[in-house]
Amino acid sequence: MPPDWSVAELVLRSTLETLMIAFAGTAMAVVFALPLGFLAAGNVTPGWLSHGVKWILGFIRSIPLIVVAIVLVTAVGLGPFPGALAIAFHSVGMLAKFFAEEFETADEGILQAVRGTGASWSQTLRYGLLPQSVPQIVAFIVFRLEMNFRDAAVLGLVGAGGIGFYIQLYVRGFQYEKVAVLLITIIAVVTALDQLTYWVRRWVR
Amino acid sequence: MIEVRDVHVLFGRTLALDLQKLSIEAGERVFVLGHSGSGKTTLARLLKGRLRPTTGTVRVLGKDPASSQPKIRREIQRRVAMVDQEFFLVPRATVVANVLSGALGRVPPMRSLFGAYPHEIWEKAESILGEVELSGLEERRVETLSGGQRQRTAIARALMQEAEIIIADEPVSNLDPELAEDALQLLVDCVARRDVTLIVNLHQPELARRFASRFVGLADGRLVYDGDPAGFTEEHAELVYRGGRRKRNNGRDSHDDTAKPVAPEAGRPGMRLVRP
């Protein structure tokens, strides 16, 4: 059964939408995950606070993405926007945890030295902690972006936009020649993202 | 300027420091001598507020460096600069970024968070880099520098702080002997051009003699000499050194584990003025 390329344009457009959902969701997640990562890092935040934040992050991680998406679609309506929100919410839990764990490996002597210039808490984070962790942080972000694309591809099943809608449509309609086009597209995009990951990691060192 | 009274510092059951009285006036160049585990680093940490004494009082610039008020702690941090034995620079950051970070205590916080240091701070950093002979290396990452260059970057960061007191804890113990002397000379020269009190922890009395205005000798956490470098005799060196013999293996400052005898005169087998 050869792939049916007549749906190529439709598939490309929805793939693009899925990519946008993944990008937007990852970007939103990073904006929230960085401060949460600082707050969850035990070496720069008092124990009661960092443990509390870590507990909240665990709570966020434990909610399945599909549940988040269904709730948000119900609350916000159909379309890519609730999809991106769901991705963002779900990613924050993991990203912030990884960030915090990376921050906790930072060299305490350097933190003390930066603090020793009279720097404030936020300045110590910016000039003592962050520069030490940047390569790992960036690696986590691009890795999560790739994961988010695959997650976003599934989200269409619950009406949250993107390629998932057509996966569901064609699979249920037994139109496997069209499903083949979808799969080929997804594989191509994931491979491209993988390459992007590699380039970014090499660039940020 | 600095007042230490009846201070005891206990680490578990080990008495790391036992100082009845030590005061340092503005403009002095004090070299603190002692074996590893003699309490030199503990004293430096006390003055920088990284450690609270178990008993007694520490006053730096009239204030308690380990005060419970963050505002006072931060003020003392800013007015007292420290050059650590291991430098503690950010290896991934450039030389100039590391030096600029010395000014963090006096730049507008919001602007500094976006890396936007005021123009005069940049000019200051440039001139200090010239002073420590690092011009041209501004954009190099610290991780690509040699030990001597890192040392000078660390000194530049401390100078950038415009502190009133600079504490250098074993600043040259990671360097070759020739480099060590040059680095100390550079530090002392830079300090001499400013109105700064200098406190240096050092192993080697003969090296210290060239730069010090005052010697403080510590052995097993106790003050065994305090005064003019000229009065620091072979016997004092012996005292400082012998203390080290007794306690060498449970020394508190683990960085000092390569301690060498401080007795200056030759004639004793296996003793050297500077580390090989």
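The values are calculated or read from the model by the stated rules, or taken from the named source; none is laboratory data. Since this is a predicted model, take the numbers as computed values, not measurements. Don't worry about glycine lacking a Cβ; one is built from the backbone with ideal geometry, like all the others, and counts go over all protein chains shown.
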- From the residues in segment B:84-128 that are within 9 Å of chain A (Cβ to nearest Cβ) and in contact (Cβ under 8 Å) with a residue 60 or more places away in the chain, which one is surrounded by the most Cβ atoms within 10 Å (Cβ to Cβ)? B:L89
- Item | Scan of segment B:39-89 for residues that are closer than 23 Å to B:A156 by Cα, in a loop (DSSP other than H, G, I, E, B) and basic (K, R), ordered by number | B:K48, B:R50
- For residues that are of a type in the set (D, E) and farther than 30 Å from A:N148 by Cβ, scanning just segment A:94-126, find the one that is farthest from the chain's Cα centre (by Cα). A:E108
- Task: Could you grab the pairs with beta carbons closer than 8 Å, sequence gap of 6+ or different chains, first residue in segment B:64-77 and under 15 Å from A:A119 (Cβ atoms) and in contact (Cβ under 8 Å) with a residue 12 or more places away in the chain, second one among the β-branched types (V, I, T) and buried (at least 17 other Cβ atoms within 10 Å of the Cβ)?
- Result: B:I76/B:V60; B:Q77/A:T117
- Item | So A:A119, is it surrounded by 22 or more Cβ atoms within 10 Å (Cβ to Cβ), within 14 Å of another protein chain (Cβ to nearest Cβ) and either within 30 Å of B:G102 (Cβ to Cβ) or modelled with pLDDT of 90 or more (or both) | yes
- Note on the structure: The correct count of residues that are out of contact with any strand residue (DSSP E or B) (no Cβ under 8 Å at 6 or more places or on another chain) and without any contact (Cβ under 8 Å) to a residue 40 or more places away in the chain in segment B:3-42 is 2
- Within segment B:144-184, residues being surrounded by 17 or more Cβ atoms within 10 Å (Cβ to Cβ), among the hydrophobic types (A, V, I, L, M, F, W, C) and away from every other protein chain (no Cβ under 14 Å) number 6
- Task: Filter segment B:201-226 down to residues that are part of a loop (DSSP other than H, G, I, E, B) and hydrophobic (A, V, I, L, M, F, W, C) and give me whichever is surrounded by the most Cβ atoms within 10 Å (Cβ to Cβ).
- Result: B:A212
- Which of the residues spanning segment B:127-159 are in contact with a Ser or Thr (Cβ under 8 Å, 6 or more places away or on another chain), over 24 Å from B:V32 (Cα atoms) and in a helix (DSSP H, G or I)? B:L129, B:V142
- Task: Could you please let me know if B:R141 is under 28 Å from B:G39 (Cβ atoms) and either within 13 Å of chain A (Cβ to nearest Cβ) or of a type in the set (S, T, Y) (or both)?
- Result: no
- Message: I'm checking my understanding of the structure. Among residues of segment B:118-154 that are among the small types (G, A, S) and under 30 Å from B:I24 (Cα atoms), which one is farthest from the chain's Cα centre (by Cα)?
- Response: B:S127
- Task: Please indicate, with yes or no, whether at least one residue in segment B:13-22 is modelled with pLDDT of 90 or more and not in a strand (DSSP E or B).
- Result: no
- Query: So which residues in segment B:66-83 are modelled with pLDDT under 90 and within 10 Å of chain A (Cβ to nearest Cβ)?
  - Reply: B:P70
- Note on the structure: Within segment B:62-82, restricting to residues that are surrounded by fewer than 23 Cβ atoms within 10 Å (Cβ to Cβ) and touching a helix residue (DSSP H, G or I) at 6+ places or on another chain (Cβ under 6 Å), the one that is farthest from A:D107 (Cα to Cα) is B:K63
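Quick grid of which residues meet (1) buried (at least 22 other Cβ atoms within 10 Å of the Cβ); (2) closer than 30 Å to B:A97 by Cα; (3) away from chain B (no Cβ under 14 Å):
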residue	(1), (2), (3)
A:G93	no, no, yes
A:L129	yes, yes, no
A:E146	no, no, yes
A:A152	yes, no, yes
A:G156	yes, no, yes
A:F165	no, no, yes
- Task: Residue by residue through segment B:155-176, note down the ones that are more than 11 Å from the chain's Cα centre (by Cα) and either modelled with pLDDT of 90 or more or of a type in the set (A, V, I, L, M) (or both).
- Result: B:A156, B:R157, B:L159, B:M160, B:Q161, B:E162, B:A163, B:E164, B:L175
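Taking segment B:3-12 only, how many residues are more than 11 Å from B:T55 (Cβ to Cβ) and part of a strand (DSSP E or B)? Give the derivation first.
From segment B:3-12, those more than 11 Å from B:T55 (Cβ to Cβ) are B:3-4, B:11-12; that's our starting set.
Filter again for part of a strand (DSSP E or B), leaving B:3-4, B:11.
Total meeting the criteria: 3.
Among the residues of segment A:8-31, write down those that are β-branched (V, I, T) and either touching a Lys or Arg at 6+ places or on another chain (Cβ under 9 Å) or not in a helix (DSSP H, G or I) (or both).
Of the residues in segment A:8-31, the ones β-branched (V, I, T) are A:11, A:15, A:18, A:21, A:26, A:30-31.
Of everything in segment A:8-31, those that are β-branched (V, I, T) and either touching a Lys or Arg at 6+ places or on another chain (Cβ under 9 Å) or not in a helix (DSSP H, G or I) (or both) turn out to be A:V11, A:T26, A:V30.
On the given criteria, is A:G156 of a type outside the set (K, R) and closer than 26 Å to A:L95 by Cα?
Numbers: of a type outside the set (K, R): yes; closer than 26 Å to A:L95 by Cα: yes.
It is true that A:G156 is of a type outside the set (K, R) and closer than 26 Å to A:L95 by Cα.
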- Those residues of segment A:186-205 which are within 13 Å of A:F140 (Cα to Cα), touching a residue at least 60 places away in the same chain (Cβ under 8 Å) and under 17 Å from the mean Cα position of the chain (by Cα) amount to A:V200, A:R201
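Mind checking which residues of segment B:184-200 are in a helix (DSSP H, G or I) and over 22 Å from B:L43 (Cα atoms)?
Quick first cut of segment B:184-200, residues in a helix (DSSP H, G or I) only: B:184-192.
Selection gives B:Q185, B:L186, B:D189, B:C190, B:A192.
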- May I ask you to list pairs of residues, at least six apart or on different chains, whose Cβ atoms are under 6 Å apart, with the first in segment A:112-125 being touching a residue at least 60 places away in the same chain (Cβ under 8 Å) and of a type outside the set (S, T, Y) and the second being part of a helix (DSSP H, G or I) and crowded, with 18+ Cβ neighbours inside 10 Å? A:L125/A:F38
